[in-house]
Amino acid sequence: MVIRQSLAAALITLAAANAFAKDIKMQTSPDSTHPYVGMWITADGRIRQELLPNGRYDEARGTVKSAYQGRYEVRGRHIDYWDDTGFTADGEFVDDVLHHGGMVFYRDGCGRIDGVTVGVSHGWC
């Protein structure tokens, strides 16, 4: 009888934790209309980070596609990353510019940023 009660309590706790996690995920995961979803690139085009609408990201470095992948969450202007390998990082969006890991990312415009051609000359637009 004690084992049955313990098992029932554990299942109820697990169900509550799962419902809470889904609620938190719904609050923090972007969707296709979120303003930060899309491609972010460094001015030299070497690092390209796509924030996907399902809360995942895919980062390319140089000629290496999908060099890093994982999930991300946005709260206000702050972004947290959890790489699939276990690495964690964060960043801040300031005036439509992403500051992350000591780098500066610009929204993909396939044009010029601060006088530097971005996207078109790198062949991935």
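Shown are 68, 57, whose ranking by accessible area with a 1.4 Å probe and every protein chain present, most to least, is 68, 57. Per-residue extension of 0.36 nm, minus the Cα-Cα distance of residue 31 and residue 54, leaves a gain of 7.7 nm for this segment.
The values are calculated or read from the model by the stated rules, or taken from the named source; none is laboratory data. Only a predicted model underlies this, so the values are computations on that prediction, with no experimental measurement involved. Remember, those area values only see protein heavy atoms, side chains included, never the ligands or the DNA or RNA. Shrake-Rupley method; radii C 1.70, N 1.55, O 1.52, S 1.80 Å.
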